[in-house]
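Below is one structure, written out as structure tokens; comments come after it.
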Protein chains: 2
Amino acid sequence: MAIINKEKNETLLQRAMRALHERTFFAAYPENPTPDVYGETAEQEGRMAFEAALQKPFTELWQPDPADWVGQEESPYEQQSLGITYPYFEVQTLIERGEKAFHTWRKVAPAERAALLVEALEYIKKRFFQIAYATMHTTGQSFLMSFQASGPHAADRALEAIAAGLEEQTRFPSQTEWEKPMGKYSIKLQKSWVAVPKGISVVIGCSTFPTWNTVPGMFASLVTGNPVIIKPHPKAVLPIAIIVAEVQKVLQEQNLDPTICQLAVDARECLITKELAEHPKVKLIDYTGSTAFGNYLEKLPGKTVFTEKAGVNSVILDSVTDLDKVVQNLAFSISLYSGQMCTAPQNFFIPEAGIVANGEVISYEVITQKLSEAIANLVNNPKAGPQILGAIQNTATGQRVKDAAEGHGKVLLSTCDIVNPNFTNARMCSPVLYEVTAAHKEIYNQELFGPIALIIKTKNTAESIALARELAETQGAISCAAYSTDAEIKEQIKDEMSLAGTPVSFNLTGNIYVNQNAGFSDFHVTGGNPAGNASFTNPEFVIKRFTWVGFREPAPMS
Amino acid sequence: MAIINKEKNETLLQRAMRALHERTFFAAYPENPTPDVYGETAEQEGRMAFEAALQKPFTELWQPDPADWVGQEESPYEQQSLGITYPYFEVQTLIERGEKAFHTWRKVAPAERAALLVEALEYIKKRFFQIAYATMHTTGQSFLMSFQASGPHAADRALEAIAAGLEEQTRFPSQTEWEKPMGKYSIKLQKSWVAVPKGISVVIGCSTFPTWNTVPGMFASLVTGNPVIIKPHPKAVLPIAIIVAEVQKVLQEQNLDPTICQLAVDARECLITKELAEHPKVKLIDYTGSTAFGNYLEKLPGKTVFTEKAGVNSVILDSVTDLDKVVQNLAFSISLYSGQMCTAPQNFFIPEAGIVANGEVISYEVITQKLSEAIANLVNNPKAGPQILGAIQNTATGQRVKDAAEGHGKVLLSTCDIVNPNFTNARMCSPVLYEVTAAHKEIYNQELFGPIALIIKTKNTAESIALARELAETQGAISCAAYSTDAEIKEQIKDEMSLAGTPVSFNLTGNIYVNQNAGFSDFHVTGGNPAGNASFTNPEFVIKRFTWVGFREPAPMS
């Protein structure tokens, strides 16, 4: 197989494998959409390519003979249909093609698969701007977040999965001579081992992060030799369709079956996810989405399932150095992409007696007041607000924000009309903030997806920690922010939250936020609580995709 | 913590971790029970210690206040009760003690846990002979197999699990400084990670290999910081009770809670396995035994379960160099411990046109005749037969051998009365051999535990391979033996059986058998078919026992 940039790709893979173990900062794909990195014309070309694809069938895929053409995406910024249609295939067609492709792909050596997939990322890199516009107009993310999350950050997560997959498949020798001394003679066996891929892999995407949450499972399955069927959320297809098309292009150039990686779009009237997931030939499932559907998938017999479901993320406020910096940081975390991130904070635990800030006790009321003001200032700043908030992906989320006024305790901050001057028709709402007491667990022990934050008044930090841990253990949690200047309390938070399988960010201020999650350093989702059993990218995320099988035979007499 | 042989243990751990990756021959515990290795008096002392423990309560455990004393072991050689009683505890007591011990044990560093556990193996080594007699008189294994399987081979498998567990917990840095360049400044975070153990681990043993099948899960859970409750088969307690007692002794010497490792014996009238397994505080379960119970355990929600269940092991005969050597090897494999090994071959696929042996076609009839004769010669050899066969552990197995005469096709070899001159009362039977056609799948598509072998007449090798693969995929398989001198056919067998997650031993003759399985080299059970989802010891076997949780905080300004 002639990979164009074989040597370059192998160097990058080596670097990426080292990064997995160093866990210091590493990024192969620059996150800033600047002309000096991506070229003077990249942004404009990407936008034009996005616009040119609207109101047309998407014809880039190497998947012949669709049964239909379907599409239902609409822009949260325009609240209008994108008018793009995608080829639709019966599940049986997808499975038959996947099964055939399996026997080609599994015979390609892991190192060659890895080099080919890195090559695909290089192709994808050339389309980062188009993917950014596609993401923006399906998810409602701002342009900058769309670029970063769906482009370089996703590509880094994909590279991380490829590197982890290659490392795990080459950790043990492919063959060895085993010689057992038996006294006067010895027994010699030639042994060999194969990492056998499990079979067809289905990756089920979500509507808010259509590439970032899809590529880890997709590339982890591909590098371990499994053919992949990508089932995107019907409202967010285009970003991942471009990625699938680029992977198919590389496969086709290498004279491999492009249906090693298939796109499977469903339409509202014909949802294929269950039929796909339940098919006996499907052995691996990656899923991002609701807890109910995730739990259904996890219980399917005979499947290896990786999930990222709902979680309830907590913030524990105990003591701070500079309260203004803290509330500014938290206001940003609440507002970013209108809380539509799995890492967004929701429940803020604050002791009723207030907290110590730089030696001085600040009352509970002052803290909540400052947090409300910080949010209001941020979202009402016309230069920052609309960009930080983005748009609301799903009308149900907007409705949830409105409905929250009923039964979520005392209103500290209501949503207000925010207008994005560039997209006056954008679906938007600003964060809402409610106050409840610790006793009203029925209000805060659930995910309220979107820009909804709850202040929970506790007796003290010990109660805050206990509740944060309990919620993580029972409802799941993907992130936790904690503010304390007390070393003992920090240790206690680490200990308690570690038992709830929840990572903790301490004392974040400035331009780093609890929502952010770095490839090659932060494991994403721990697998240690009900928020999901997957973790990008720890070894478990890749080794469960293949089986070690050994062969042995007496060595020829020498 | 002052481990007596800290340096020695660390050196051994380093060597063991290297062995995991070399997969050449490595054994830390010599398998020959010879005086020059274990001392002149070791055998006699071990036997006396075993005899002294009979008809008494087992009082070595550091588990106070039992609710009762129970015991139901009997020797398959004497067909008499051993008369040993063990402390019995309510499930609630076991869980409360385990939960308390959890919070001590999880705070011990992985390297210290590993050194302590290796120390325990050194203590256990001093009792190998006693364990051997205990194994012999509970399982029916011969003395030599009892010594090897329950002593050095089990200790090597335990060491392998400790080494794999330590490696996985130290593969990523425990802390690092992450610095992200942001143009004019950089963001610096101090990051740290903890491998958080999952919680109480229950290890459910079997009656035939009470230590070999128990110690991998037991030591894998312990090294990853989980407290362990060992639930042995009520008919085979003593061998593992001695091991638990030695682990408790080391824990106690290190001022650690001995109930980090508890023994939980049930009695016939009060089986505690389900209650234990279903308890919400139990997070990890290791199990060796029947498929029905294993399937029940695998479906329990909220548990990480490792199983070794039933399998149907195939032998594919295609072409050989020396048929006599082949049938001798296979006769031994069928007879060894009367087929009561999970790796014992059961289904022998032979083409109806016979096979080529050293250039000459040997008819199907001659092959089956030679195999029958080889078995008969082996078991009727008074010097070898009784030692190879051992005794039948369970009366149900003996009955199954007798009942097999009905409905298992044409009899090629019936069981005969074999007498062990040293144990005239031993429960014994010799292997039976039946002939069925490939069409009678209902006969051979199930495990017939014990010395029952079926010859299946196939159209050709292609059918043999297809059936062996299908059986492995649908019924599970732990081993496969294949004989072929044709490189293409060998490749085909490798390919097909790899897809069925079944390791293959090719062309074994002489003193190496398909039943045998070497620590640090042969993965035991692949996880790739219904015979079980565990694999000693690939990384998955240990990493599923803990969760990576990360912490981050802005680095202090420099």
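Count, for each residue of B:17-27, the Cβ atoms from other chains sitting within 10 Å of its Cβ, then give me the mean as a whole number.
On the way: counts 0, 0, 0, 2, 4, 4, 8, 8, 10, 2, 2.
Other-chain Cβ atoms within 10 Å of each residue's Cβ, averaged: 4.
The rotation axis bringing chain B onto chain A passes closest to the chain B residue reported with its distance as B:Pro539, 3, by C-beta distance in whole Å.
If the convex hull of the alpha-carbon atoms of the protein assembly as shown is projected onto planes in all directions, what is the mean projected area in square nanometres?
Working: hull surface 179.3 nm².
For the protein assembly as shown, the mean projected area of the Cα convex hull comes to 44.8 nm².
A simple spin-label model places the labels of B:Gln55 and A:Ala466 5.6 nm from each other, with each point 7 Å out along Cα-to-Cβ.
Relative to the current alpha-carbon distance between B:Gln252 and B:Cys270, full extension at 0.36 nm per residue lengthens the span by 3.5 nm. Heavy-atom accessible area for B:Arg106, with the other protein chains in place and a 1.4 Å probe, reaches approximately 40 Å².
As I understand it, the dipole of the range A:130-205 uses +1 on the Cβ of Lys and Arg and -1 on the Cβ of Asp and Glu, about the Cα centre. Which of A:Ala161, A:Val203, A:Trp178 lies farthest toward its positive end? The residue sitting most towards the positive pole is A:Trp178.
Before we go on, tell me the buried accessible area for the B/A pair, both chains summed, 1.4 Å probe, in Å² to the nearest 100. Could you put the intermediate results ahead of the total?
Details: alone 23050 and 23080 Å², together 40220 Å².
So the total buried area for this chain pair works out to about 5900 Å².
Mean partner shielding of peptide B:497-503, defined as the number of other chain Cβ atoms within 10 Å of each residue Cβ, is 6. For a straight C-alpha distance cut-off of 15 angstrom, the aspartates and glutamates reachable from B:Lys274 (same-chain residues fewer than eight places away being disregarded) are B:Glu90, B:Asp266, B:Asp286, B:Glu298.
Counting partner chain Cβ atoms within 10 Å of every residue's Cβ in B:511-517, what's the average?
Numbers: counts 4, 8, 0, 1, 0, 2, 1.
Mean number of neighbouring Cβ atoms from other chains: 2.
Using the average count of surrounding beta-carbon atoms within 10 Å as a protection proxy, the listed peptides A:213-225, A:51-63 rank, highest first, as A:213-225, A:51-63.
For the range A:146-176, a reduction of at least 50 Å² in accessible area between the chain on its own and the assembled protein chains (probe 1.4 Å) is found at A:Arg171, A:Phe172. Compared with the alpha-carbon gap, the fully stretched path from B:Asn32 to B:Asn445 is longer by 144.9 nm at 0.36 nm per residue. Modelled label positions at B:Asn425 and A:Thr11, each set 7 Å beyond Cα in the direction of Cβ, lie 7.8 nm from each other.
Would you mind calculating the gained length between B:Glu553 and B:Lys325 on full extension (0.36 nm times residue separation, minus the Cα-Cα distance), in nm to one decimal? The partial results should precede the final answer.
Values: separation 228, 0.36 × 228 = 82.08 nm, distance 6.70 nm.
Working it through step by step, the gained length comes to 75.4 nm.
A Cβ-based charge dipole, computed about the Cα centre of chain A with Lys and Arg at +1 and Asp and Glu at -1, lands at about 1500 debye.
When Rg and Dmax are taken over the Cα atoms of chain A, they come to 24.7, 88 Å.
Taking all protein chains as present, what is the carbon and sulfur share of the accessible area of chain B, in % to the nearest whole number, probe 1.4 Å? Each step should come with its number before you reach the end.
Numbers: 10190 of 20090 Å².
With neighbouring chains kept in place, the figure for chain B is 51 percent.
For the range A:120-158 versus the range B:113-175, the inter-centroid distance based on Cα atoms is 51 Å.
Taking the label point 7 Å along Cα→Cβ, B:Ala111 and its counterparts in the other copies are spaced 3.3 nm apart, in ascending order.
Nothing charged except the Cβ atoms of Lys and Arg (+1) and of Asp and Glu (-1): what's the magnitude of the dipole of the protein assembly as shown about its Cα centre? Round to the nearest 20 debye.
Numbers: 96 positive and 122 negative charges, 59 e Å.
The dipole of the protein assembly as shown has a size of about 280 debye.
Using just its DSSP H runs of length 4 or more, each adding -39500 (n - 2.57), chain A gives a mean residue ellipticity at 222 nm of -12000 deg cm²/dmol after division by all residues.
A Cα-only calculation for the range B:110-176 places Rg and Dmax at 15.4, 54 Å. Tally the DSSP beta bridges in the range A:314-506 and give the antiparallel ones as a percent, rounded to 5. Around 25 percent of the beta bridges assigned by DSSP in the range A:314-506 are antiparallel ones.
With its label point defined 7 Å out from Cα along the Cα-to-Cβ axis, B:Met182 lies at 6.8 nm from the matching points of the other copies, in increasing order.
Using the structure shown, list the pairs from B:Lys235/B:Lys402; A:Lys235/B:Lys281; B:Lys198/B:Lys441; A:Lys299/B:Lys309 with a Cα-Cα distance above 32 Å, or answer none. If you can, show how the numbers build up before the last one.
Values: B:Lys235/B:Lys402 22 Å; A:Lys235/B:Lys281 41 Å; B:Lys198/B:Lys441 42 Å; A:Lys299/B:Lys309 20 Å.
Flagged as over cut-off: A:Lys235/B:Lys281; B:Lys198/B:Lys441.
Site pair A:Glu491 and A:Glu177 shows an inter-label distance of 5.5 nm when each label is modelled 7 Å from Cα along Cα→Cβ. With the label put 7 angstrom out from Cα along the Cα-to-Cβ vector, B:Ala384 ends up 8.5 nm from the copy partners, going from closest to farthest. Taking the Kirkwood radius as Rh and the Cα radius of gyration as Rg, the range A:382-473 has a ratio of Rg/Rh equal to 1.05. When the surface is traced with a 1.4 Å probe over the full set of protein chains, A:Tyr88 keeps roughly 20 Å² accessible. Taking 0.692 mPa s as the viscosity and 37 °C as the temperature, the Stokes-Einstein diffusion coefficient of the range A:331-453 based on its alpha-carbon Kirkwood radius rounds to 218 µm²/s.
Probing with 1.4 Å while keeping every protein chain in the model, the per residue accessible area of the range B:173-260 equals 25 Å². Peptides B:136-143, B:479-486, A:173-180, ordered by how many other C-beta atoms sit within 10 Å of their residues on average, highest first, read B:136-143, B:479-486, A:173-180.
In the assembled protein chains, A:Arg15 presents an accessible area of approximately 60 Å² (probe radius 1.4 Å).
From the Cα gyration tensor of the range A:415-558, with a ≥ b ≥ c the square roots of its eigenvalues, which class applies: rounded if a/c is under 1.5, or else prolate if a/b is larger than b/c, or else oblate? Note, shape of the range A:415-558 comes out prolate. In straight-distance terms, cross-link reach from A:Lys126 covers every one of the aspartates and glutamates whose alpha-carbon lies under 18 Å from its own, apart from those fewer than eight places away in the same chain; here that gives A:Glu31, A:Asp36, A:Glu40, A:Glu43, A:Glu45, A:Glu51, A:Glu60, A:Asp156, A:Glu246, A:Glu253.
Largest first and in whole Å, the equivalent-ellipsoid semi-axes of the range B:145-268 read 40, 15, 12, each the square root of five times a Cα gyration tensor eigenvalue. Each Cα pair under 8 Å and six or more residues apart adds its separation to the average, and for chain A the resulting relative contact order is 18 percent. Hey, how many Å between the Cα centroid of the range B:288-335 and the Cα centroid of the range A:528-556? Distance between centres, Cα-based: 21 Å.
The values are calculated or read from the model by the stated rules, or taken from the named source; none is laboratory data. Since this is a predicted model, take the numbers as computed values, not measurements. Using ideal geometry, Cβ is built from the backbone for each residue, glycine included, and neighbour counts are taken over all protein chains shown. Each accessible area value is taken on the protein alone, full model and side chains, heavy atoms only, with ligands, DNA and RNA left out. Shrake-Rupley method; radii C 1.70, N 1.55, O 1.52, S 1.80 Å.
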